[in-house]
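Written out below as structure tokens is the structure these notes cover.
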Amino acid sequence: MMGKETDTIDTKENILGTAAIPPLIIKLSVPLMVSMFVQSLYNIVDSIFVAQIDEDALTAVSLCFPIQSMMIAFGIGTAVGMSALMSRYLGAKSFGKVNATAENGIFLCFVTYVLFIIVGFFAKPFMAMQTGNQKIIDYGETYLSIVCWLSIMVFLQITIERLLQSTGKTIYIFITQSTGAVINIIMDPILIFGLLGAPKIGIAGAAVATVFGQTVGALLGVYFNLTKNREVRISFKRFRPGWKTIKEIYAIGIPSIIMQSVGSVMVFGLNQILVAFTTTAVAAFGAYFKLQSFIFMPVFGMNNGIVPIIAYNYGARNRKRMEQAMKLAAIYGVVIMSIGLIIFWAIPNVLLGFFAASPGLLKIGTVELRVLSLAFPLAGYSIMRGGVFQALGKSVYSMNISIVRQLVVLLPAAYLLSRLGNIDIVWWSFVIAEFVGLAMSIIYTKMIKKDIISKL
């Protein structure tokens, strides 16, 4: 990755423009799907071990989720802008711009880190906004401050992995994420419960284990970029922020940041609605978020896999390959999410049992999982279309869908349904919102076909 620029583009890049679309999608997506599946696993394992402390600890981690989600939103949003721009420049053979985009993307991950250092100092007031339970506040303050103050590693890992993704080297992302996840899973019980001679540091151990796993993943990513990513040459010797490039990155990335940040606002708002019923409801919602990632993350992995394919072929003006990739991606997304629907309906008690669920959590959670999973196939289509919008520089479409779906429809619907006094009804707000998201995705797809694809 470091050193002199070269104008050589190897076989992997050519594959983006020449290989048959079905196997290409599988080739690029499967490593990302598996790695994100493993990521989901360690998120769940994290919560499983935290739940062993007590239900208050699980509730605290659930209440911290909006900030963690915001962190991921900033990291991924910026990296999405960088990656999509790089793939487009690769397709257009603008190799100098590829390298400049990568350098500025790495610079921006450190800028983002400074922001979340500041956020970490407000961990306690953030928790106190959501609950008066001092035990939950203390748990949340400990966990959140550690995660924020050491967040440079998650930002670096995300950015470096997107460098690999933009050139089609997704197999190395599988290695970085999987290794980081395994490290996290191993370290969780050791640090939480003080095994193998390690200090018993409780919920702080979960946070430290998470950061440790991210650190290993980030360092591996740096190594793979230095040794394997020949398409990108980066040198910071005479680096100066390229404001034009940064503007182009954020033209794609900011809508993605907003889109994902909206999810944080939604979770925060819904937690406030749920806590009015009981803190157990908050814990149940937190458990759902961990479980649904098993289904959503593979779809997001495939979504990430199609972005360089579509962006590259857009840069190369290959309409046929773009349309084929779009069609297949939508089908794959719906199929995967339909499998998730079947699983959530068939064994909700088994899934919730992983979290040492109390009878109250089981009662709330069983209905929750079955109702919310009805929206999965609809979400599958919308997610895959989101990747298309990003690849074509129309991330604003995904942003609009996210804002309308989660803030304009979901939260007001959840609030209104909560007024009926039955928590089981509240979950239907997700299904209503997803139908709206599906309709908007279809409309925006027709627009890009007319305005962009038809003109290639």
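The values are calculated or read from the model by the stated rules, or taken from the named source; none is laboratory data. As the structure is a prediction and not an experimental result, all values here were calculated from the model. Note that we place each Cβ from the backbone using ideal geometry, even for glycine, and neighbour counts take in every protein chain shown.
Assorted remarks:
- Within segment 382-432, if we keep just the residues that are in a loop (DSSP other than H, G, I, E, B) and either without any contact (Cβ under 8 Å) to a residue 60 or more places away in the chain or of a type in the set (Lys, Arg) (or both), the residue that is nearest to Tyr89 (Cα to Cα) turns out to be Lys394.
- Of all residues in segment 223-259 being assigned to a loop (DSSP other than H, G, I, E, B) and of a type in the set (Phe, Trp, Tyr), the one that is modelled with the lowest pLDDT: Phe236
- The set of residues in segment 291-304 that are surrounded by 24 or more Cβ atoms within 10 Å (Cβ to Cβ) and either over 23 Å from Leu32 (Cα atoms) or of a type outside the set (A, V, I, L, M, F, W, C) (or both) comprises Pro298, Gly301, Asn303, Asn304.
- Of all the residues in segment 154-177, those that are out of contact with any Lys or Arg (no Cβ under 7 Å at 6 or more places or on another chain) and in a loop (DSSP other than H, G, I, E, B) number 0.
- Residue check for Phe376: surrounded by 18 or more Cβ atoms within 10 Å (Cβ to Cβ) and either farther than 30 Å from Asn313 by Cβ or of a type in the set (D, E, K, R) (or both): no
- Screening Gly213 with (1) within 24 Å of Asp46 (Cβ to Cβ); (2) surrounded by fewer than 24 Cβ atoms within 10 Å (Cβ to Cβ) gives one miss only, at (2).
- For segment 269-279, a tally of residues being in a helix (DSSP H, G or I) and at pLDDT 85 or above returns 7.
- Residues (touching a helix residue (DSSP H, G or I) at 6+ places or on another chain (Cβ under 6 Å) and without any contact (Cβ under 8 Å) to a residue 40 or more places away in the chain) located in segment 350-368: Leu362, Thr366
- Residue match in segment 305-323 (condition: outside any helix (DSSP H, G or I) and either polar (S, T, N, Q) or surrounded by 24 or more Cβ atoms within 10 Å (Cβ to Cβ) (or both)): yes
- Segment 391-410, residues that are over 14 Å from Ile432 (Cα atoms), surrounded by 22 or more Cβ atoms within 10 Å (Cβ to Cβ) and among the small types (Gly, Ala, Ser): Ala391, Ser395, Ser398
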